Every structure is written in structure tokens, then in C-alpha cells.
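Contents: one structure, followed by commentary.
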Amino acid sequence: MKKSVSLYTDGACSGNPGLGGYGGILIYGNVRREYSGSETETTNNRMELLAVIVGLKRLKYPCKVDVYSDSAYTVNAFINGWIYAWEKSGWKKADNKSVLNVDLWEELLALTRTHDVTFHKVAGHADNELNNRCDELARGAITELRKTLPKEILLEENSEL
């Protein structure tokens, strides 16, 4: 029998595209593990997807996973079945335009075939304590990334605000 895990995730971006961060919380029983990461040139949607991918990749064996995200982009692709249609059509949307972030969608889809994943949409920046903590982790990752960047990049970022 697969172990049941809860995964809360969030992504953030300073500028879109711009500096991005993601955060997540994995919960199994009484065990809670937080994680976060960042990228220099990315989008909010990429960070939302990466938050889920990184969490699922941290699991050591196939699990039953309930993913909680405020990202309609991520959640609706699975709940509405869009991702399966995109895959079937060679990663084209209904309007025949290419799906963005195919590299991450393919990776996430593969992980959902390893784990039994159910996606749940939560309200963002509302009263969900764990979603709010994921937002803090994502924004904190951006703050930490800024500390490592050369002044020229920070000046570029500030000039676009």
C-alpha cells in the first residue's frame, strides 16, 4: 500500500520574467519537510510547476500524493485534462499554438505516472497557513538569490520595476 503524502507548493517571481523562487512543504504523518529554490531568469508559471516537480522528486518511492497549489495554471491542467490533450497533440493547445514550459510539463507528467497524484486548488494569499508558508519560502528564495547576484544584474532588475 502506498504511503499518503500531502504536498503544498507555491511559486513567485520578481518581474515576469525575472528572478523567481519556489517553495514547498511535504507532510507525511507527523513529519514535515520544507524546501525552496530559485532561478535568475524565469516566470511565475515555471516556478509554480517547479515547486511541484521538486517536491515529487524528493519522494523516495511511489506514494499517494495530494498536491495543494494556488496555481490555476498547474492544477487546472490536470483537473481539466488539458495536459493529456497537449501530450496527445504533440504539445499543441486547442488553438494550435505551442504549449509553454513543455520541458517542465513533461517532467511533471512523468512524475504523476510514478506517484498517484491528486491536485487540489487552494485560494492564494488567503487563510491557508501552509500555502502562505510556501509563499514565504518562495519569496525568501528570491531574497537569498539577490544576495548572490552581481550589482549589474540587480541594477537591471530595479530599472525594470
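The table below lists the values:
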{"read-out": "Whichever residue in segment 1-41 is of a type in the set (S, T, N, Q) and at pLDDT 95 or above and, among such residues, is farthest from V75 (Cα to Cα)", "value": "N30"}
{"read-out": "Residue list for segment 51-63, restricted to those being of a type outside the set (V, I, T) and within 8 Å of the chain's Cα centre (by Cα)", "value": "A51"}
{"read-out": "Residue within segment 146-158 that is part of a loop (DSSP other than H, G, I, E, B) and free of Cβ contacts under 8 Å to residues at least 40 places away in the same chain present", "value": "yes"}
{"read-out": "Qualifying positions in segment 96-125 - of a type in the set (S, T, N, Q) and within 16 Å of S6 (Cβ to Cβ)", "value": "T112, T118"}
{"read-out": "Among the candidates D66, D10, residue that is surrounded by fewer than 22 Cβ atoms within 10 Å (Cβ to Cβ), within 15 Å of the chain's Cα centre (by Cα) and not polar (S, T, N, Q)", "value": "D66"}
{"read-out": "Meets criteria (under 19 Å from R113 (Cβ atoms), in contact with a helix residue (DSSP H, G or I) (Cβ under 9 Å, 6 or more places away or on another chain) and touching a residue at least 24 places away in the same chain (Cβ under 8 Å)) for P62", "value": "yes"}
{"read-out": "Single match in E87, E48, E41, E106 (criterion: without any contact (Cβ under 8 Å) to a residue 60 or more places away in the chain, buried (at least 18 other Cβ atoms within 10 Å of the Cβ) and among the charged types (D, E, K, R))", "value": "E48"}
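Here is a yes/no grid of residues against (1) in a loop (DSSP other than H, G, I, E, B); (2) within 13 Å of W105 (Cβ to Cβ); (3) touching a Gly at 6+ places or on another chain (Cβ under 8 Å):
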| residue | (1), (2), (3) |
| --- | --- |
| S36 | no, no, yes |
| E48 | no, yes, yes |
| V52 | no, yes, yes |
| L59 | yes, no, no |
| V67 | no, no, yes |
| N76 | no, yes, no |
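The values are calculated or read from the model by the stated rules, or taken from the named source; none is laboratory data. Bear in mind that the values here come from a model prediction, so they are computed numbers and not experimental data. Virtual Cβ from ideal backbone geometry, glycine too; neighbours counted across all protein chains shown.
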